[in-house]
Amino acid sequence: MTTRYLGNRVLLAVAALSAEGIFAFAGPVQLSNDKIVQPAPPVCDPVWYISVGGNGEFNTDATNLQNASAIAPTGIRIGGISAHNFNDAYDVAFYSVDAEVGRVLTDRVEAFGQFQYVASATENWIHNAVRINAGGPTPAFLAIRFDDFASYGFQFGARYFFIPKGAPLRPYVSIAGGAAHVDSIGAETALEPTNTVVSRSHIFDDSWVGTVTGLIGLEYSVSCHFAVGINGGVGYSSPLSENDTDLQGPVSKVNNDAGDRLFCPVALYAKIRF
């Protein structure tokens, strides 16, 4: 009995030593990677932006640059001046350069301030603009040519996106209002058909006008910090400051309450967010 008991103890001791050796050589226990938490990607959430763009402003025929007027120095009508709008006097579209600074207020709303320079070159002579019955068998006709148009101004407004930020393509509407300085505008008159200049008149002084613009647009986010967009809509600027110095008497009303513009702007722009 004693011998069998000792044998069993020896076997147990050997088994214990063998198991300890197996675990010693097996190394540390490997853990599964399935439950390792990955770090969250950095959040891109810029709240300020600057943008630069270019506009084409297509004038409508709804307003006059210069009103019609009768020529009657002694109370008897001897001729007349036709009305002309901006499309008569200038190129098909005004062009402008815009610079804008804005801030994101919510997921859908931005507030902004914008500086804008607008200009247009004068078209050729407006023929048969003035008719004068000089007492001869046929009337005399005069052509008119206006000075180039140039203005600079600012607007403040807000933009509402129909889709929250984070989406790559976002349609929006915007409204803005402000003021602009328009350089003085004069006009030359020439005898038809020679285009020989016979007079030059001041029509409008340097003017500060009120402006308002409503737009619809679409903006595409190229990356977190860069976007491009396009917009279009309708704009209005108030009448210019008349100058009657050279128009005293029967034709002075040609510039009364004139020079306001109703136009349709179309713009492309690039935006940098930070």
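Values computed for the structure shown
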| read-out | value |
| --- | --- |
| Region 195-252, relative contact order in percent, only Cα pairs under 8 angstrom and at least six apart counted | 43 percent |
| Simple Cβ-charge dipole of region 48-160, Lys/Arg +1 and Asp/Glu -1, about Cα centre, in debye nearest 20 | 380 debye |
| Stokes-Einstein D in µm²/s, Kirkwood radius over Cα pairs - region 165-241 at 10 °C with 1.306 mPa s viscosity | 97 µm²/s |
| Using alpha carbons only: equivalent-ellipsoid semi-axes of region 120-274, gyration tensor based, whole Å | 45, 16, 12 |
| Gain on full stretching of the segment that runs from residue 256 to residue 223 - 0.36 nm per residue minus C-alpha separation | 6.8 nm |
| Amide H within-cut-off set for residue 240, under 5 Å, with H built and near neighbours excluded | 258, 259, 260 |
| Formal net charge of residues neighbouring residue 83 (Cβ-Cβ distance under 14 Å; K, R +1; D, E -1) | -2 |
| Linear extension gain, residue 101 paired with residue 150, 0.36 nm per residue minus alpha-carbon span | 15.4 nm |
| Rounded to whole Hz, the Karplus (6.51, -1.76, 1.60) HN-Hα couplings of region 239-256, x for glycine and proline | x, 7, 7, 5, 9, 8, 3, 9, 10, 5, x, x, 10, 5, 6, 4, 10, 6 |
| Summed residue charge, Cβ within 9 Å of residue 140's Cβ, Lys/Arg positive, Asp/Glu negative | 0 |
| Computed over region 83-133: relative contact order in percent, which uses C-alpha pairs under 8 Å that are six or more apart | 40 percent |
| Relative contact order %, region 124-163, counting alpha carbon pairs below 8 Å whose residues are six or more apart | 33 percent |
| Region 210-274 - Rg (one decimal) and Dmax (whole number), Cα, Å | 19.7, 63 |
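Read-outs: derived from the displayed coordinates by stated rules, not from any lab. Note that this is a predicted model, so its numbers are computed, not measured. No Cβ is skipped: glycine too gets one built from the backbone with ideal geometry, and neighbour counts run over all protein chains shown.
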